[in-house]
1. If a residue must be in contact with a Ser or Thr (Cβ under 8 Å, 6 or more places away or on another chain) and β-branched (Val, Ile, Thr), how many such residues does the stretch 18-61 contain?
2. When both residues are 6+ apart or on different chains and their Cβ atoms are under 7 Å apart, which pairs have a first residue that lies in the stretch 194-208 and is more than 16 Å from residue 245 (Cα to Cα), and a second that is among the polar types (S, T, N, Q) and surrounded by fewer than 21 Cβ atoms within 10 Å (Cβ to Cβ)?
3. Looking at the stretch 201-230 only, could you name the residues that are of a type in the set (D, E, K, R) and touching a Ser or Thr at 6+ places or on another chain (Cβ under 6 Å)?
4. Of the conditions (1) aromatic (Phe, Trp, Tyr); (2) in a loop (DSSP other than H, G, I, E, B); (3) more than 20 Å from residue 103 (Cβ to Cβ), residue 199 clears all except one; give me its number.
5. Condition first: in a helix (DSSP H, G or I) and either at pLDDT below 95 or not hydrophobic (A, V, I, L, M, F, W, C) (or both). Now tell me which residues in the stretch 115-132 satisfy that.
6. Filter the stretch 236-263 down to the residues that are surrounded by 18 or more Cβ atoms within 10 Å (Cβ to Cβ) and aliphatic (A, V, I, L, M) and list them by number.
7. Just checking, does the stretch 145-154 include any residue being in contact (Cβ under 8 Å) with a residue 60 or more places away in the chain, within 22 Å of residue 219 (Cβ to Cβ) and either touching a Phe, Trp or Tyr at 6+ places or on another chain (Cβ under 9 Å) or part of a helix (DSSP H, G or I) (or both)?
8. Can you tell me which of 84, 34, 22 is hydroxyl-bearing (Ser, Thr, Tyr) and either closer than 17 Å to residue 264 by Cβ or within 18 Å of the chain's Cα centre (by Cα) (or both)?
Amino acid sequence: MTLVNAFTVDVEDYFHVSAFESHIDRNDWECYPSRVDRNTRRILDLLAKHNVRGTFFVLGWIADRMPELVKEIQAAGHEIASHSYWHRLIYQLEPAAFQEDVRRSKELLEDITGQAITVFRAPSFSITKKSKWALEILAAEGFQIDTSIFPIFHDRYGIPGAPSEIHQVHTPSGSLWEFPPSVVRYGWWNLPVSGGGYFRLYPGKWTVKWLGRINTKERRPFAFYIHPWELDPDQPRLKVGSWVSQWRHYLNLSSTERKLTELLGQFSFGTVTEAITNQRRVCGEAATVKIPGRLEIEC
């Protein structure tokens, strides 16, 4: 059976990114010209041309102001998932504040879509060793899948040494399937190849090669992600943050859409839920292996 890879979109605007949050007050978000509506529709058009369905992690703040956009994404056959309400780094929150935020986002999206919201991604992949308690809250709130734990070294996120495979995490409140952003092993390091700034940084052929390796050599699906603002080279230039943050944010914006068009023609894509369900079907229940603290899908 053909592997189904997860195509995902983090629906947030250019002024929501974590790298700029210390300079942009959330109370001032309304003052910035929004471009997320038009940029999300650019992605919807691309996916429609390639007959691809994906998972859209919608920020609650956006859903509150643009419910019709959420309905349009849903009507196109895509999976709606939560990206929190306020896009706050989880490891900077107390558990009660995180629970309130994620519950607000989930209930809002369920009211708009009329469907249960069961998939979550933390802002900036901010479930780290300091905030793994968030997994228990997600399970308690009815989520079944998380895609937040990046198994890499990074200055803002990541858990080095975390599993790179789809696996099940058990908490006192229930179990979650974890679908990590994808990496390939390069010497002693996990090399992130799953999208976003890494997609804009690498030549397109490198990305295709490494993602193909995950499918063919490791026999498992990958999770790819993109933000609507990454297809928008004409977005306002914010003169805030460090030079590193500026470089990361504005790097190669003009080539993202072309590279994304090429990528969509190279692989089989679906939603996060479809990718996990398909992988379990490909491997068979007999191929799963129990490991202390998790259940991995292995073929």
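The values are calculated or read from the model by the stated rules, or taken from the named source; none is laboratory data. Just so it is clear, the model here is predicted, and its values are computed rather than measured. Backbone-built Cβ (ideal geometry, glycine too); neighbour counts: all protein chains shown.
1. Looking only at that region, the number is 2.
2. These pairs meet every condition: 208/266.
3. 230
4. (2)
5. Scanning the stretch 115-132 gives 123, 124, 129, 130, 131.
6. The answer is 238, 260, 263.
7. Yes, some residue in the stretch 145-154 is in contact (Cβ under 8 Å) with a residue 60 or more places away in the chain, within 22 Å of residue 219 (Cβ to Cβ) and either touching a Phe, Trp or Tyr at 6+ places or on another chain (Cβ under 9 Å) or part of a helix (DSSP H, G or I) (or both).
8. 84 is the lone residue from the list that is hydroxyl-bearing (Ser, Thr, Tyr) and either closer than 17 Å to residue 264 by Cβ or within 18 Å of the chain's Cα centre (by Cα) (or both).
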